[in-house]
Amino acid sequence: MIEYEPLAPPDWQDPYPTYRRLRDEAPVHYAEKMGTWCVSRYADVAAILRDSKTFSSVSAFEVLIPEEARRIGPRDALEVIRFLYRSRLNPLVLRKGMPPSVITSDPPQHTRLRAIVNRGFTPARLRAWELRVQEIVAACMGKLHRGEPFDVVRDLAIPLPVTMIAEMLGVDADRHVDFKRWSDELIAGSSGSQRTSFAPVLKAMGELIMYMRTVADARRRDPREDLISALVDPGHGDVLDDGTLGQFAVVLIVAGNETTTNLIGNTVNALLDRPDVVERVVAEPRLVPGLIEEGLRYDAPLQFMLRRTTRDCEIADTKIPQGASITLLLGSANRDERQFEEPDRFDPARNSKGHLAFGFGIHHCLGAALARLEARAAFDALLPELARSRRMHESPRFVDSFMVRGLDRLELQRLPG
């Protein structure tokens with residue numbers, strides 16, 4: 001019998017043997033402590049992501065809140081008051097739940113929100129940002145080129161997406177550090193070691209929403225060519241109100257930052273064990289796009305997604321009741337030998353099309369194209385350096401999360417010669 005709990009301290013050094021056992025022995029496994037059905041095979045996960053009518057995103061993430069965090073203590077009560085003040089959200093409205101976001105809503109509400117926020121991620125806007133992405137990468141790589149100690153995560157994979165998201169939103173450069181801090185606190189507080197209290201999440205969310213409301217007020221008075229203006233200026237059509245804008249900002253700085261950061265870090269980590277692959281891709285730059293897709297498949301930045309059933313249904317011959325929590329193990333689905341031949345082999349020439357690292361269906365990652373653009377610029381610059389570098393520490397340390405898989409640090413050391 002397999003004992004697996006999505007929110008138990010993960011074996012981030014190598015969770016994939018456990019995923020294989022789940023696929024082989026219990027493709028639909030009930031995790032009692034969390035109260036969720038874990039789905040591990042590719043075909044089942046893809047089918048669920050495709051069916052938003054049966055598998056809803058509304059209230060799906062409530063299962064992450066542990067019982068002890070539901071009991072509001074004095075510290076939490078004070079933070080709730082601060083949160084309501086900062087966010088200007090009506091407590092009576094909040095009794096029905098937080099304002100909707102693109103990841104916690106279903107059609108038709110999701111369709112409307114997605115249409116609005118898509119304005120910031122059009123092909124034309126991304127092309128306009130391409131040169132800026134390359135400039136940020138070049139600046140980040142300066143330490144390595146000068147022969148100084150270089151941490152792939154801290155010196156490149158973190159500042160690149162943080163800077164891009166902040167500049168796209170049109171926020172002040174001196175608030176970039178705050179954006180990363182808010183991202184870290186939201187992840188640790190919702191899916192890491194601080195899950196026992198609401199306070200850290202409410203603090204980070206309240207500060208972020210208050211700041212974004214200030215920026216939105218300024219853009220309504222004086223629109224600019226930035227993402228916030230595109231979302232709140234009636235000249236663009238339908239707009240987001242302050243509550244929904246705050247929720248979008250939370251999604252953007254967490255998903256937008258962490259996806260790219262961990263895509264770069266996890267892929268570099270895999271490459272450092274495979275100097276032959278590095279040599280091959282350096283010699284054949286046309287393989288870089290495939291390298292990025294293989295990195296996403298091989299070691300997904302987000303290991304699972306959540307859904308809730310709207311009716312009684314059946315998954316892999318297992319009956320699931322209405323209202324049940326479903327945990328979709330993306331990390332397992334992307335290593336399913338039923339979908340990908342020799343899935344534990346890292347191969348940049350593989351056809352990784354169809355991997356689920358960015359989700360699937362109507363909730364496919366909004367910033368997937370931006371993440372690929374950033375990763376392409378990063379690997380174009382990094383790959384020649386990786387050919388003459390190695391890890392300083394053999395046992396990588398991972399970020400504080402059960403849900404997000406990524407390295408906290410990845411320090412490089414130049415090889416002699």
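The values are calculated or read from the model by the stated rules, or taken from the named source; none is laboratory data. All values derive from a computational prediction rather than experimental measurement. Reconstructed Cβ throughout: ideal geometry from the backbone, glycine too, with neighbour counts over all protein chains shown.
Just to verify a result, which residue in the stretch 157-176, among those that are outside any helix (DSSP H, G or I) and surrounded by 16 or more Cβ atoms within 10 Å (Cβ to Cβ), is nearest to the chain's Cα centre (by Cα)?
I158
Counting only residues that are in a loop (DSSP other than H, G, I, E, B) and acidic (D, E), which one in the stretch 393-417 is modelled with the highest pLDDT?
So, considering only residues that are in a loop (DSSP other than H, G, I, E, B) and acidic (D, E), the one modelled with the highest pLDDT is D408.
If T111 satisfies every condition in (1) surrounded by 16 or more Cβ atoms within 10 Å (Cβ to Cβ); (2) at pLDDT below 95 but one, which is the exception?
(1)
Can you find a residue that is touching a His at 6+ places or on another chain (Cβ under 8 Å), modelled with pLDDT of 90 or more and crowded, with 21+ Cβ neighbours inside 10 Å anywhere in the stretch 375-392?
So far as the stretch 375-392 goes, no, none of its residues is touching a His at 6+ places or on another chain (Cβ under 8 Å), modelled with pLDDT of 90 or more and crowded, with 21+ Cβ neighbours inside 10 Å.
For the stretch 94-156, list the helices (runs of 4 or more DSSP H) that sit wholly inside it and hold at least 3 residues that are within 18 Å of L240 (Cβ to Cβ) and hydroxyl-bearing (S, T, Y); which are they?
Of the helices (runs of 4 or more DSSP H) lying wholly inside the stretch 94-156, none has at least 3 residues that are within 18 Å of L240 (Cβ to Cβ) and hydroxyl-bearing (S, T, Y).
Can you find a residue that is modelled with pLDDT of 90 or more, surrounded by fewer than 18 Cβ atoms within 10 Å (Cβ to Cβ), within 23 Å of the chain's Cα centre (by Cα) and in a helix (DSSP H, G or I) anywhere in the stretch 21-42?
Looking for residues that are modelled with pLDDT of 90 or more, surrounded by fewer than 18 Cβ atoms within 10 Å (Cβ to Cβ), within 23 Å of the chain's Cα centre (by Cα) and in a helix (DSSP H, G or I), one finds none in the stretch 21-42, hence no.
Could you tell me whether G295 is at pLDDT 90 or above, in a helix (DSSP H, G or I), in contact with a Ser or Thr (Cβ under 7 Å, 6 or more places away or on another chain) and not hydroxyl-bearing (S, T, Y)?
Taking the combined requirement at face value, the residue satisfies it.
Working carefully through the options V282, V251, V239, find the one that is at pLDDT 90 or above and farther than 20 Å from F398 by Cβ.
Result of the check over V282, V251, V239: V282.
From P74, P10, P91, grab the single residue that is at pLDDT below 65 and crowded, with 16+ Cβ neighbours inside 10 Å.
P10
Restricting the stretch 231-258 to residues that are more than 20 Å from P161 (Cα to Cα) and among the small types (G, A, S), which is surrounded by the fewest Cβ atoms within 10 Å (Cβ to Cβ)?
The selected residue is G235.
Taking R311, is it closer than 30 Å to A377 by Cβ and surrounded by fewer than 17 Cβ atoms within 10 Å (Cβ to Cβ)?
Here the answer is no, as R311 does not meet what is asked.
D380: out of contact with any Ser or Thr (no Cβ under 9 Å at 6 or more places or on another chain), touching a residue at least 60 places away in the same chain (Cβ under 8 Å) and either among the β-branched types (V, I, T) or not in a strand (DSSP E or B) (or both), yes or no?
Considered against the rule, which asks whether it is out of contact with any Ser or Thr (no Cβ under 9 Å at 6 or more places or on another chain), touching a residue at least 60 places away in the same chain (Cβ under 8 Å) and either among the β-branched types (V, I, T) or not in a strand (DSSP E or B) (or both), D380 comes out as yes.
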